[in-house]
Amino acid sequence: MKQKIFALFILPLFILSCTSRKPLPENVLVIGTETGPSVLDPRFATDAISSTVCGLIYPGLLRRDKKLNLEPYLAKSVDQPDDRTYVIHLREGIKFHSGKELTSADVRFTFESILAPDSISPKKNSFSKIESIDTPDEHIVIIKLSEVFAPFLGNLTIGIVPEGADDLTKEPVGAGPFAFSNYERGAELALKGFDGFIFGKPKLSGVIFKIIPDETVRMLALKKGDIHLISNGVTPAVLPWLEEQKNLKIAMETGTNVSYLGFNMEDEILKNSNVRKAIGQAIDRDSIIKYLLKNTAVEAESIIAESNEFFNPNLRRTAHDPKLAKKLLDDAGFIEKPDGSPRFSLTYKTSKNPTRKKIAEIIGEQLRQVGIAIEIKSFEWGTFFSDIKSGNFQIYSLTWVGVADPDIYYYIFHSESLPPDGANRGRYFNTELDSLLTIGRKTVSLERRKEIYSKVQEMISNDTPYVHLWFGKNIAVMDRRVQGFEIYPDESLDSLAGVYFKE
């Protein structure tokens, strides 16, 4: 393995060694990233890197801590005099990077601009329940909803923009710990520490996101000291090599990104729950995690991570059990053939990502051992995702990213959430589940919500419209001098405000 990895690095190493190095700015953290942000306005950011960078420039009224619990940020507090009303008390003395004070008018404008008739913000649906916004003074915002919507508080994490702002991608102005400096697309994005940040000046003078699409080149740049940090985007095969580098350290924590197998519930074979359960029992997740993913994942039994307060710890574990899988298939009417031929055949769709394809191959072999033949079809991302959204599949594998609020179950499994209105791509219909998910949206009590979504998780576990595979571990590789960096489950970089170098 070491020889293969070493060979992989030879050519880029030669190229880098022949390239003149620019001295790095003092007290500036350089982060290596595969791609750059497509937008720099929180009202329009949807991809991971855009959302991450916007989080540094534009703080929200609330934010999520390391356990995914909501906590005040720009808001000092949020009161609820009734189930449809939110009274937001802003901290005093918040400054935008322009020097202008952030007031209730900016908060109102942020939400109203998202909801404007001509707005193309993908966040519009998140705020569609807003009936009115009042600003009785500069530090109070009163939002009234048209109906009870329990997940609304989680939407208050969106970054606040200045009143009157058009698309801010070219000239971002927020109130976060870092202010925009410049952006050379395809090369690097530079931010500078904001002295007027409400929670104190960052310890770093600035942050540079250096865009390096090739992972091998990124890793070598990290080894040489041309960059200081890589947060995720690390393939398991590279970890042994990274562990040997004396100037680097690795941090790893389980995140909220959950990989799963999805089924077409209208398929004549897969509409049988015993078949779906058998597939789950036939998959040896432990071996895949250990040998292919190099322990960079942990088994999942739910879309909700164990670190989330809504996780149900009493869920049935889907253990690797080929004998039980065969019995379930027999019970479903797909009897084992005496000549060893397949009970039936299924098509498994995936992207052209090498790791994804390898996972599909391994799962295909494990299913073959219980009598299920699998044909793997891999496509470019656009084609693959279009097929999934249109229901053109039998089995597919994808990953949900950054799951926090359990209302995601409504988006994924409610019968009214068929694409394009949601992500019920498998056409799953369960009237009892629909009822629970609707009640969950209208239940404000935290304890009652926990009860509801514990039941939801049990129903999904028992009926198996998904086979939950694993939660990926967030991996950060950094220069040993970097201190104070913390991994957040949702991959945010909030901890950068407290990062510093120690020689």
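Looking at Ser345, Ser351, which is the one that is in contact with a strand residue (DSSP E or B) (Cβ under 8 Å, 6 or more places away or on another chain), closer than 29 Å to Asn392 by Cα and modelled with pLDDT under 95? From the options Ser345, Ser351, the qualifying one is Ser351.
Report, by residue number, each residue of segment 190-248 that is of a type in the set (Asp, Glu) and under 19 Å from Val30 (Cβ atoms). Those that are of a type in the set (Asp, Glu) and under 19 Å from Val30 (Cβ atoms): Asp214, Glu215, Asp226.
Per the listing Ser454, Ser445, the residue uniquely within 25 Å of Pro151 (Cα to Cα), touching a residue at least 12 places away in the same chain (Cβ under 8 Å), surrounded by fewer than 20 Cβ atoms within 10 Å (Cβ to Cβ) and not assigned by TED's automatic domain parsing to the domain that holds Phe197 is Ser454.
Residues in segment 422-442 that are in contact with a helix residue (DSSP H, G or I) (Cβ under 8 Å, 6 or more places away or on another chain), crowded, with 21+ Cβ neighbours inside 10 Å and assigned to a loop (DSSP other than H, G, I, E, B): Asn424, Arg425, Tyr428. Taken residue by residue, segment 130-138 has at least one member that is under 21 Å from Gly440 (Cα atoms) and in the same structural domain as Ile88 (by TED's automatic domain parsing). Hey, can you tell me all the residues within segment 140-180 that are of a type outside the set (Val, Ile, Thr) and over 30 Å from Ser205 (Cα atoms)? Passing the criteria: Lys144, Leu145, Ser146, Glu147, Phe149, Ala150, Pro151, Phe152, Leu153, Gly154, Asn155. Against the list (1) outside the structural domain of Leu74 (by TED's automatic domain parsing); (2) in a loop (DSSP other than H, G, I, E, B); (3) within 26 Å of the chain's Cα centre (by Cα), the condition Gly164 fails is (3). The residue that is surrounded by the most Cβ atoms within 10 Å (Cβ to Cβ), among those in segment 105-154 that are among the aliphatic types (A, V, I, L, M) and under 19 Å from Asp167 (Cα atoms), is Val107. Filtering segment 77-92 to residues that are in contact (Cβ under 8 Å) with a residue 24 or more places away in the chain and either under 21 Å from Asp137 (Cβ atoms) or surrounded by 20 or more Cβ atoms within 10 Å (Cβ to Cβ) (or both) leaves Val78, Gln80, Thr85, Tyr86, Val87, Ile88, His89, Leu90, Arg91, Glu92. Taken as a whole, the structure places Ile362 among residues that are under 30 Å from Gly233 (Cβ atoms) and surrounded by 14 or more Cβ atoms within 10 Å (Cβ to Cβ). Of the strands (runs of 3 or more DSSP E) contained entirely in segment 19-77, those carrying at least 1 residues that are within 29 Å of Arg480 (Cβ to Cβ) fall at 28-33, 62-64.
Checked against (1) modelled with pLDDT of 95 or more; (2) more than 21 Å from the chain's Cα centre (by Cα); (3) not acidic (Asp, Glu), Pro240 meets all criteria but (1).
On the given criteria, is Lys349 closer than 25 Å to Val370 by Cβ, in a helix (DSSP H, G or I), within 36 Å of the chain's Cα centre (by Cα) and not β-branched (Val, Ile, Thr)? Answer is no for this residue. Set side by side, the residues Lys223, Lys192 differ, and just one is buried (at least 18 other Cβ atoms within 10 Å of the Cβ) and in a strand (DSSP E or B), which is Lys192.
Can you confirm whether Phe379 is assigned by TED's automatic domain parsing to the domain that holds Asn462 and touching a residue at least 40 places away in the same chain (Cβ under 8 Å)? No, not satisfied. Residue under question is Ser415, and the condition is that it be among the hydroxyl-bearing types (Ser, Thr, Tyr), surrounded by 14 or more Cβ atoms within 10 Å (Cβ to Cβ) and either assigned to a helix (DSSP H, G or I) or in contact (Cβ under 8 Å) with a residue 12 or more places away in the chain (or both); does it hold? Yes.
For segment 467-503, filtered to residues that are in a strand (DSSP E or B) and among the charged types (D, E, K, R), the residue that is surrounded by the most Cβ atoms within 10 Å (Cβ to Cβ) is Lys473. Scanning segment 347-359 for any residue that is over 30 Å from Val234 (Cα atoms), in contact with a Ser or Thr (Cβ under 8 Å, 6 or more places away or on another chain) and among the hydrophobic types (A, V, I, L, M, F, W, C) turns up nothing. The residue pairs whose first member lies in segment 305-316 and is in contact (Cβ under 8 Å) with a residue 12 or more places away in the chain, whose second member is among the aromatic types (Phe, Trp, Tyr) and in a loop (DSSP other than H, G, I, E, B), and whose beta carbons are closer than 8 Å, counting only pairs six or more residues apart or on different chains, are Ala305/Phe311.
The values are calculated or read from the model by the stated rules, or taken from the named source; none is laboratory data. What you see is a predicted model; the values in this text were computed from it and never measured. Cβ coordinates were reconstructed from backbone atoms using ideal geometry, including for glycine residues, and neighbour counts include every protein chain displayed.
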